[in-house]
Amino acid sequence: MSHDISSIRLSRVTRRRSFLANKYQLHDVVAVGTQTELAAAHQPIIDRMVALDLATGTGRRAPSTSGVRSFVPLEVARLEHPALAKIYELGSDPKVGAFVVQEHLEGETLQQQVHEQGPLRPSDAIALARSLLEVMGVFHEAGLTHSDLTPSHIVSGRRGTRVRHHPLRELVASGQGPRSCAYNAPEQIMRLPSKAPTDLFRVAAVLHFAITGVPPFEGEDLDAAVLRGHRAAPSAHRPELGADVDAFFERALARDPADRFGTLSEMREALRLLALFSGYARHG
């Protein structure tokens, strides 16, 4: 099995608890995305925990100091929303290349929650998806996409449910593709630019995990599974979900972006109606 070069480099660095940029002491990798790895780190000079977002494109190391702003849009660094982790700094280190310093979110990830406690109640899962659409809207209003949403990037804590930033530019521009992931949209696997439908697909894929306990696509070759579009209906995992839930995912996870929900508001309305007519609306 091949390993990403920067992933190997990062694992070696974290084992040594060494410093990046002479001021961030790396701890453990806490989340792995399709384009990035997120590592917990300590900033001794002000005694605070932070999270370092590092690019991990296949086969090549992350950009160096001269390229940090070419792969981290400043528009993303300036985004503000209560549900988004704050970005503190854009930096670089010879050991791992460019990285983003962001707020360390304390709490349990959706990945951990589902694995430890089982799928969410449908009403809670739908409410989560609608919240995620609101966060994606912050990116889209700025002319950007998130493109890397997974259950390990969603954290529930004292301040509610929040999303870790993964604000890296498309790595396909430099010939790098995203690592295989059960939440990749087909166009990402084909190395096409991410657009709003990409984020809608990934929100739906995360919702599928939250409501069934498994990602929508499984198998040894995840990329092939996503591109084929062959998957079990949600009701195959939880029969009580029914035909309306199956129909929602049939559209939300369509292989062709043109066959998905066209806008955030359209998908949000579909979720509202699904909750209403399937009896999954939250009360109180």
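The values are calculated or read from the model by the stated rules, or taken from the named source; none is laboratory data. This structure is a prediction, so every number in the text was calculated from the model and none was measured. Every residue, glycine among them, receives a Cβ derived from its backbone with ideal geometry; neighbour counts consider all protein chains shown.
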Lone unmet requirement of (1) over 18 Å from Ser194 (Cβ atoms); (2) in contact (Cβ under 8 Å) with a residue 24 or more places away in the chain for Gly279
(2)
Mind checking which pairs have a first residue in the stretch 192-218 that is hydroxyl-bearing (Ser, Thr, Tyr) and a second that is buried (at least 23 other Cβ atoms within 10 Å of the Cβ), Cβ under 7 Å, 6 or more apart or different chains?
Ser194/Ser147; Ser194/Gln188; Thr198/Ser147; Thr198/Ala185; Thr198/Gln188; Thr212/Pro234
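Surrounded by fewer than 16 Cβ atoms within 10 Å (Cβ to Cβ) and either modelled with pLDDT under 55 or part of a strand (DSSP E or B) (or both) - does that describe any residue in the stretch 34-51? Steps first, answer last, please.
Initial filter on the stretch 34-51 (surrounded by fewer than 16 Cβ atoms within 10 Å (Cβ to Cβ)): 44-49.
Remaining after also requiring either modelled with pLDDT under 55 or part of a strand (DSSP E or B) (or both): 48-49.
There is at least one residue in the stretch 34-51 that is surrounded by fewer than 16 Cβ atoms within 10 Å (Cβ to Cβ) and either modelled with pLDDT under 55 or part of a strand (DSSP E or B) (or both).
Condition first: hydroxyl-bearing (Ser, Thr, Tyr) and assigned to a helix (DSSP H, G or I). Now tell me which residues in the stretch 254-281 satisfy that. Write out each step before concluding.
Looking only at the stretch 254-281, we keep the residues that are hydroxyl-bearing (Ser, Thr, Tyr), and these are 263, 265, 278, 280.
Result: Ser265, single match.
Take residues that are buried (at least 19 other Cβ atoms within 10 Å of the Cβ) and at pLDDT 95 or above and tell me which of the helices (runs of 4 or more DSSP H) falling wholly in the stretch 196-253 contain 2 or more.
Numbers: elements: 196-212, 222-228, 234-237, 242-252.
Helices (runs of 4 or more DSSP H) meeting the threshold: 196-212, 242-252.
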